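Report on the following structure.
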Amino acid sequence: MKTTLEVGLGKRAYPIHIGRDLSQDLLRTVRALRQDNRPVAVLVDANVREAFGCMLEDIFENAPMLELPSGESTKCFPWLEKACNFLAKQKIDRSGAVFAIGGGVTGDLAGFTAASYLRGVDFYQVPTTLLAMVDSSVGGKTGINLAAGKNLVGAFWQPKAVFCDLAFLDELPAREFSAGMAEVIKYGLLDDVELFEYLERLDRLHSRHAALTGIVRRCCEIKARIVEEDETERAKSGGRALLNLGHTFGHAIEAVAGYGDYLHGEAIAVGMMLAAELSAERDAIEPRDVRRIALLFQSYDLPIRLRNPLPLEALIEAMGRDKKVSAGKLRLVLLEKLGKAYTTGEFEWPKIEQLWRGVGAEDGSVSESRPSSSNE
Ligand SMILES: NC(=O)c1ccc[n+]([C@@H]2O[C@H](COP(=O)([O-])OP(=O)(O)OC[C@H]3O[C@@H](n4cnc5c(N)ncnc54)[C@H](O)[C@@H]3O)[C@@H](O)[C@H]2O)c1
């Protein structure tokens, strides 16, 4: 089954194609560009090139291809520079098009390269991880990391099209697939209780599961609608920030544990548990709902608490560095009910500290430099 939906952003609108084996669709796109004498360049994740090299050569023929080392550390200035130099050396002009083939790391770096090179050239997303299909390839956030934090430099630069070819997922390690499931479950929690309940009823999803195309489509639909309403995350409440359910906690775990210890999806699974616990404390959801969320995460081997104790003070400090801190105020994304999230600056730090302890954070003195919540 193949399906297409549109991200309705006016002049920047683009299609998301989803299905198994989209190589002919990609080939048609590449040939159409070439027929218009537009040069094509490819930035590809090293593991993806190794697993799918022959197929990629069939599609892109002799197009120049830059291989990017796999891993978060590739989202950095040196690789941005290498990628821009590569495009210049290949004489990619303003009519050119860049294809990003890989997970979120490749998409974020290639997208920012496309946004920066010659002040912007077209780019196409070919996500090869579940996380990239349901999240990072859609919505136009591109960027790289700084030592001070993840994704601190970047641009909003929408792709011209997204091709989610589920066949790539056949080679994706199971742990990476599960990390992508954390984002899938996130969409159910924040916007679609029916999706959440459907996931509860389904056997464990895998790359060849008959339901996968529909589920990836549903996630992309939700993301597309949210992005259409708040493309550059300016909404004072709700909006694109809702997509960060569990992320303020999750980013803190990633930063304190050291990037790479937890996959992003694993860290946000623990983060979503904390957001759910806090929502239950406010009687927005039932303790029973919190257990259902935990069970669903566990059915994909996702963690629901810290694997090893982490220092509380460092976690709280890392939360304060989150991008959602604006004018010294931290906003959290919580659940109003299963299937509906909201943003709030109203929370109490002692409660947050207690919840962290509950998932295995170690006590330590809490820094005075934490950002204030609106009720402090
Ligand atoms: N731009 C956004 O809106 C957005 C949203 C969410 C996450 N992100 C970013 O996405 C990144 C995480 O993305 P990710 O989880 O896709 O990680 P990733 O790109 O690091 O890929 C995960 C691993 O899977 C390998 N891989 C990729 N596709 C494969 C395939 N088909 N077969 C075998 N191996 C394959 C990669 O080599 C890598 O080792 C983070 O940098 C995060 O900040 C961006």
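Run the simple label-point estimate for residue 292 and residue 308 please: 7 Å along Cα→C-beta, distance reported in nm.
Distance between the two pseudo-spin positions: 3.6 nm.
Give me the percent of DSSP beta bridges within the stretch 232-362 that run antiparallel, rounded to the nearest 5.
Among the beta bridges of the stretch 232-362, antiparallel pairing accounts for roughly 70 percent.
Using mean Cβ contacts within 10 Å as the protection proxy, how do 250-263, 202-215, 285-298 order, highest first?
Answer by packing, highest mean first, reads 250-263, 285-298, 202-215.
Any idea how far apart residue 94 and residue 235 come out in nm if each label point goes 7 Å out from Cα toward Cβ?
3.5
Rounded to the nearest Å, what's the spacing between the alpha carbon centres of the stretch 182-245 and the stretch 263-303? Just the number, please.
Taking the Cα centre of each part, the stretch 182-245 and the stretch 263-303 sit 15 Å apart.
First measure r as the distance between the Cβ atoms of residue 204 and residue 72, then evaluate 1/(1 + (r/R0)^6) with R0 = 25 Å and state the FRET efficiency to the nearest 0.05.
Plugging the Cβ-Cβ distance into 1/(1 + (r/R0)^6) gives 0.40.
Let me know the charge dipole size of the chain about its Cα centre in debye, to the nearest 20, where only the beta-carbon of Lys, Arg (+1) and Asp, Glu (-1) is charged.
Rounded to the nearest 20 debye, it is 960 debye.
Determine the percent antiparallel among the DSSP beta bridges restricted to the chain, to the nearest 5.
40
What length, rounded to one decimal in nm, is gained on full extension from residue 28 through to residue 170, with 0.36 nm per residue of separation minus their alpha-carbon distance?
Roughly 48.8 nm would be gained on extension.
In debye, nearest 20: dipole of the stretch 88-201 around its Cα centre with unit charges on the Cβ of K, R (+) and D, E (-)?
780
Give me the percent of DSSP beta bridges within the stretch 99-216 that run antiparallel, rounded to the nearest 5.
Within the stretch 99-216, antiparallel bridges account for around 45 percent of the total.
Any chance you could run the full-extension gain for residue 11 through residue 156? It's 0.36 nm times the residue separation minus the Cα-Cα distance, nm to one decimal.
50.8 nm
Can you tell me the order of 233-241, 332-340, 90-98 when each peptide is scored by its average per-residue count of other Cβ atoms within 10 angstrom, highest first?
332-340, 90-98, 233-241
None of the figures in this text is laboratory data; all of them are computed from the coordinates on show. For clarity, every value in this text was computed on a predicted model and none was experimentally measured. All Cβ positions, even for glycine, are placed from backbone atoms using ideal geometry, and neighbour counts span all protein chains on display.
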